[in-house]
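See below for the structure under consideration.
The values are calculated or read from the model by the stated rules, or taken from the named source; none is laboratory data. Since the structure is predicted, the reported quantities are computational estimates derived from the model, not experimental observations. Every residue, glycine among them, receives a Cβ derived from its backbone with ideal geometry; neighbour counts consider all protein chains shown.
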């Protein structure tokens, strides 16, 4: 299968750069587009909907600190980022909706290899609900 649109699920930590590196490598190899997504799960089931930061009207809705934090990752990629989708609520639901709405065919996400991730894994939830292929990258902690 030739992937055309790769979505990177970011948690906005420095470890996310590992995921970006994988996405950029694959995108260059496959001539695919790259998009980012950050879903804030700290608000529980409260969903604000999905916003694309690359659309100017959405940039005005967010404060400068939020924009600069997300811009760091866009600049790190050193490739065009088609969409930067942000949202809140249930990670697996929001990523599923993003995959469908933006016609994503590969999701790249990380999986921390620590004690707590053996008990509670957000990667497992994403795997069970994603309509697209998933590349899970181990993140050592």
Only one of these conditions is not met by residue 28: (1) at pLDDT 95 or above; (2) more than 24 Å from residue 131 (Cβ to Cβ); (3) buried (at least 16 other Cβ atoms within 10 Å of the Cβ). Which number is it? (3)
Evaluation of residue 45 against (1) out of contact with any helix residue (DSSP H, G or I) (no Cβ under 8 Å at 6 or more places or on another chain); (2) modelled with pLDDT of 65 or more (one fails), failing number: (2)
Consider the stretch 86-129. How many of its residues are assigned to a loop (DSSP other than H, G, I, E, B) and modelled with pLDDT of 90 or more? 4
